[in-house]
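Written below as structure tokens is the structure these notes are about.
The values are calculated or read from the model by the stated rules, or taken from the named source; none is laboratory data. Since the structure is predicted, the reported quantities are computational estimates derived from the model, not experimental observations. Glycine also receives a Cβ, built like all others from the backbone with ideal geometry; neighbour counts cover every protein chain displayed. For accessibility, only protein heavy atoms count, side chains too; no ligands or nucleic acids. Shrake-Rupley method; radii C 1.70, N 1.55, O 1.52, S 1.80 Å.
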Amino acid sequence: MRDRVTRVSDGDTLRLEKLGSVRLVGVDTPEVNYQGKAQPGGREAGEFLRNALLDREVEVKLCDKRPYDRYGRGLAFVYATNPGGRRVLVNQEIIRQGYGRVYSLRPCTVNESEWGALYEEARRNRRGLFATLGDVPDAADFRRETR
């Protein structure tokens, strides 16, 4: 399904014109506002996604096994065309550029070995948050500790 990005909430959540709120499958970025608290890198991850997608048309594929999460957000793989004209899986590009961690939430999983290699490549090349923070903060741990 084709849709247009109308808002970027953070590095892994968007609002689409037709579909509404979607959570990107396979990626977890630092929190911008979780119970009033933020993590280092959250703003930067959100800005990366905002610069890449805001007001752009994208292709959206909801997870076959679980299309929506408990908050009613679509669980999605989002594809965009890069400046070179190539179709790119945005979820994976966030990992490749060093703004998120690999985060498979069953039953909507990704190839963790392949995506983990992209994460390690970003670390080695000091892309994204690796350049400024030395690592991508773990949002899942942060959410557990903040509860």
| query | From the residues in the range 69-80 that are in contact with a strand residue (DSSP E or B) (Cβ under 6 Å, 6 or more places away or on another chain) and of a type outside the set (Gly, Ala, Ser), which one is least open to solvent (accessible area, probe 1.4 Å)? | reply | VAL78
| task | Looking only at the range 95-111, count how many residues are part of a loop (DSSP other than H, G, I, E, B), over 9 Å from the mean Cα position of the chain (by Cα) and hydroxyl-bearing (Ser, Thr, Tyr). | result | 2
| field | Filter pass, VAL88 being free of Cβ contacts under 8 Å to residues at least 40 places away in the same chain and in a loop (DSSP other than H, G, I, E, B) | value | no
| Of all residues in the range 115-129, which are touching a strand residue (DSSP E or B) at 6+ places or on another chain (Cβ under 6 Å) and buried (at least 17 other Cβ atoms within 10 Å of the Cβ)? | TRP115, TYR119
| said: Tally up the residues in the range 29-56 that are touching a residue at least 24 places away in the same chain (Cβ under 8 Å) and either open to solvent by less than 30 Å² (accessible area, probe 1.4 Å) or over 15 Å from GLY128 (Cα atoms) (or both), please. | reply: 16
| Restricting the search to the range 120-130, which residues are under 11 Å from TYR99 (Cβ atoms) and in a helix (DSSP H, G or I)? | ALA122, LEU129, PHE130
| Of PRO83, PRO137, PRO107, which residue is farther than 21 Å from LYS61 by Cβ and open to solvent by less than 60 Å² (accessible area, probe 1.4 Å)? | PRO137
| field | Where TYR119 falls short, out of the listed (1) within 16 Å of THR29 (Cβ to Cβ); (2) over 12 Å from the mean Cα position of the chain (by Cα); (3) touching a residue at least 60 places away in the same chain (Cβ under 8 Å) | value | (3)
| Quick check, is VAL60 of a type in the set (A, V, I, L, M, F, W, C) and farther than 24 Å from VAL136 by Cβ? | yes
| remark: For CYS63, the lone unmet condition from (1) surrounded by 19 or more Cβ atoms within 10 Å (Cβ to Cβ); (2) within 13 Å of the chain's Cα centre (by Cα); (3) within 18 Å of VAL110 (Cα to Cα) is (2)
| said: Is it the case, given these coordinates, that GLU59 is among the acidic types (Asp, Glu), touching a residue at least 40 places away in the same chain (Cβ under 8 Å), closer than 16 Å to VAL88 by Cβ and not in a helix (DSSP H, G or I)? | reply: yes
